[in-house]
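For reference, the structure discussed in these notes is given below.
The values are calculated or read from the model by the stated rules, or taken from the named source; none is laboratory data. Note that this is a predicted model, so its numbers are computed, not measured. Reconstructed Cβ throughout: ideal geometry from the backbone, glycine too, with neighbour counts over all protein chains shown. In case anyone asks, the SASA skips ligands and DNA or RNA and just uses the protein heavy atoms, side chains included. Shrake-Rupley method; radii C 1.70, N 1.55, O 1.52, S 1.80 Å.
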Amino acid sequence: MAEVKVKVQPPDADPVEIENRIIELCHQFPHGITDQVIQNEMPHIEAQQRAVAINRLLSMGQLDLLRSNTGLLYRIKDSQNAGPVSFFLSKMKGSDNQEKLVYQIIEDAGNKGIWSRDIRYKSNLPLTEINKILKNLESKKLIKAVKSVAASKKKVYMLYNLQPDRSVTGGAWYSDQDFESEFVEVLNQQCFKFLQTKAETARESKQNPMIQRNSSFASSHEVWKFICELGISKVELSMEDIETILNTLIYDGKVEMTIIAAKEGTVGSVDGHMKLYRAVNPVIPPTGLIRAPCGLCPVFDDCHEGGEISPSNCVYMTEWLEF
């Protein structure tokens with residue numbers, strides 16, 4: 001008669017003991033443990049039992065789930081490495097579901113923020129309740145209110161640690177929601193002066209016309225570096241800011257731009273391309289009408305004597321005549 005082998009199943013382990021052992025392992029290896037480490041330490045525990053214990057610890061917020069080159073890592077959450085998740089949990093402790101919902105809506109808006117009207121639309125909560133929740137979240141320093149240049153009387157809400165998007169603050173050209181026209185004009189003049197100097201230096205080199213022309217070009221990075229070294233800006237300017245100024249010079253007919261291929265990693269290049277600028281002289285001088293404010297006035301058709309817009313009270317005409 002053939003011998004019958006009976007496989008003896010080990011008794012089911014206590015789920016709490018499995019969880020406690022996983023926590024102990026995480027404390028032993030604070031940088032994180034893999035599922036293989038857990039399996040080696042508890043070979044008698046079935047894979048399903050391990051999965052249940054790990055999922056429970058993750059759901060209770062006691063473990064962090066990370067991804068590494070070797071696979072998934074489980075790491076203990078404590079006051080030192082809990083990161084923003086634990087910070088959020090500690091700040092939101094005791095909060096109701098409505099407050100958590102409003103926080104999630106604001107978080108989804110990113111650094112462009114969201115108006116209270118849109119929060120109301122997405123949450124279906126009364127405005128009075130939303131205002132109460134917003135004040136509570138602000139007091140906990142979980143969110144902040146930022147004035148938008150698009151609507152000076154309205155505020156958008158975003159997470160406390162986020163830097164507002166340029167579309168909200170207006171970037172370097174705005175200060176307290178006011179457009180800094182004088183600052184822009186100074187930058188405009190200095191950028192053009194730099195390009196003019198470079199063009200004059202190229203002409204004085206007495207080389208052939210093609211070399212002179214190529215030498216008169218400057219990259220936006222060179223212009224940006226020149227402006228930064230002047231120290232005329234109280235705010236930090238980016239290359240994108242300087243290119244905006246250079247674009248206004250192009251529209252004024254004072255500068256031209258060309259794009260060339262550049263090696264990857266070249267200073268000032270983006271996606272293998274580089275923008276070059278140079279000062280130019282108009283082919284023909286502008287006519288008297290164009291030089292006068294009327295030639296470029298956007299409300300020329302509405303301007304007439306006796307009207308709200310008229311030549312007699314035009315501040316631009318007065319300034320031009322004085323000049």
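Name the residue that is modelled with the lowest pLDDT, counting only residues in region 52-76 that are part of a helix (DSSP H, G or I) and of a type in the set (S, T, N, Q). Residue satisfying both the conditions and the ranking: Ser59. Against the numbered list (1) crowded, with 16+ Cβ neighbours inside 10 Å; (2) in a helix (DSSP H, G or I); (3) modelled with pLDDT of 80 or more, Ile211 comes up short only at (1). The set of residues from region 215-265 being under 20 Å from Val184 (Cβ atoms) and assigned to a loop (DSSP other than H, G, I, E, B) comprises Gly231, Ile232, Ser233, Lys234, Val235, Glu236, Leu237, Ser238, Asp252, Gly253, Lys254. For region 240-272, the set of residues classified as in contact with a Gly (Cβ under 7 Å, 6 or more places away or on another chain) and either of a type in the set (Ser, Thr, Tyr) or surrounded by 10 or more Cβ atoms within 10 Å (Cβ to Cβ) (or both) consists of Asp241, Ala262, listed by residue number. Scanning region 225-235 for residues that are open to solvent by 50 Å² or more (accessible area, probe 1.4 Å) and touching a residue at least 40 places away in the same chain (Cβ under 8 Å) yields Leu230, Ile232, Val235. Residue count for region 236-266 satisfying the condition of being within 24 Å of Glu200 (Cβ to Cβ) and in contact (Cβ under 8 Å) with a residue 40 or more places away in the chain: 8. Residues of region 273-303 that are modelled with pLDDT of 75 or more, surrounded by 11 or more Cβ atoms within 10 Å (Cβ to Cβ) and assigned to a loop (DSSP other than H, G, I, E, B): Val280, Cys303.
Within region 308-320, residues that are farther than 14 Å from Cys297 by Cα reach partners that are exposed (fewer than 13 other Cβ atoms within 10 Å of the Cβ) with beta carbons closer than 7 Å, at six or more positions or on different chains, in the pairs Ser312/Glu305. Filter region 3-28 down to the residues that are of a type outside the set (A, V, I, L, M) and open to solvent by less than 100 Å² (accessible area, probe 1.4 Å), then identify the one that is modelled with the lowest pLDDT. Going through the qualifying residues, I end up with Pro10. Could you say which residue among Glu182, Glu138 is at pLDDT below 90 and open to solvent by 70 Å² or more (accessible area, probe 1.4 Å)? One residue alone meets the criteria, Glu182.
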